[in-house]
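Q: Dropping the structure in here first, questions after.
The values are calculated or read from the model by the stated rules, or taken from the named source; none is laboratory data. Remember, it's a predicted structure, so these values are computed and weren't measured experimentally. No Cβ is skipped: glycine too gets one built from the backbone with ideal geometry, and neighbour counts run over all protein chains shown. When the accessible area is computed, the model is the full protein with side chains, heavy atoms only, and any ligands, DNA or RNA have been set aside. Shrake-Rupley method; radii C 1.70, N 1.55, O 1.52, S 1.80 Å.
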Amino acid sequence: MARKPRKQYEDDDGRTIANMNVEGMRWYDAAQRREERARERAELQERIARGEALTRKETLRYTFYATLAGLAVVGFIGGGTVLVIFVLWLLAR
């Protein structure tokens, strides 16, 4: 999908009135945070390739994520089962 060209105004000279890249805002130094995450991810991949064990904090985090994923799957399957039973119950009336 192609982007629409920016709308040009007659009185717009292209200057910035106020810099909105202010410390404390969500997007402040977003590129720096993105690079830091990529560096940490590469470091983790390197440690895994060397065969080093995960730290206790990393182990707990990944265990928590795996548990949440399992609960999401169980929730979807259970919710679907309840929905099917409810529809069949309505049809049997």
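Q: Taking the stretch 26-67 on its own, how many of its residues are of a type in the set (A, V, I, L, M) and touching a Leu at 6+ places or on another chain (Cβ under 9 Å)?
A: Restricting attention to the stretch 26-67, the residues satisfying the condition of being of a type in the set (A, V, I, L, M) are 30-31, 38, 42, 44, 48-49, 53-54, 60, 66.
Among the residues that remain, those that are also touching a Leu at 6+ places or on another chain (Cβ under 9 Å) are: 44, 48, 54.
Of the residues in the stretch 26-67, 3 are of a type in the set (A, V, I, L, M) and touching a Leu at 6+ places or on another chain (Cβ under 9 Å).
Q: In addition: Which pairs do you get when a residue that is assigned to a loop (DSSP other than H, G, I, E, B), found in the stretch 1-23, comes within reach of a residue that is open to solvent by 100 Å² or more (accessible area, probe 1.4 Å), reach meaning Cβ atoms under 9 angstrom, with the pair 6+ apart or on two chains?
A: Within 9 Å, the pairs are 20/27; 21/27.
Q: Looking at the structure I just gave you, is residue 60 open to solvent by 100 Å² or more (accessible area, probe 1.4 Å) and free of Cβ contacts under 8 Å to residues at least 60 places away in the same chain? Please lay out each step first, then the result.
A: Details: open to solvent by 100 Å² or more (accessible area, probe 1.4 Å): yes; free of Cβ contacts under 8 Å to residues at least 60 places away in the same chain: yes.
It is true that residue 60 is open to solvent by 100 Å² or more (accessible area, probe 1.4 Å) and free of Cβ contacts under 8 Å to residues at least 60 places away in the same chain.
Q: Determine, yes or no, whether residue 54 is surrounded by 10 or more Cβ atoms within 10 Å (Cβ to Cβ) and touching a Lys or Arg at 6+ places or on another chain (Cβ under 9 Å).
A: Judged against the criteria, residue 54 is a match.
Q: Which one of these is of a type in the set (Lys, Arg), over 23 Å from the mean Cα position of the chain (by Cα) and open to solvent by less than 70 Å² (accessible area, probe 1.4 Å): 47, 15? Even if it seems obvious, please write down each step before you answer.
A: Numbers: 15 fails: open to solvent by less than 70 Å² (accessible area, probe 1.4 Å).
Going through 47, 15 in turn, just one is of a type in the set (Lys, Arg), over 23 Å from the mean Cα position of the chain (by Cα) and open to solvent by less than 70 Å² (accessible area, probe 1.4 Å): 47.
Q: Considering the stretch 63-83 alone, what residues qualify as being open to solvent by 70 Å² or more (accessible area, probe 1.4 Å) and either closer than 30 Å to residue 19 by Cα or aliphatic (A, V, I, L, M) (or both)?
A: 68, 71, 73, 74, 77, 82, 83
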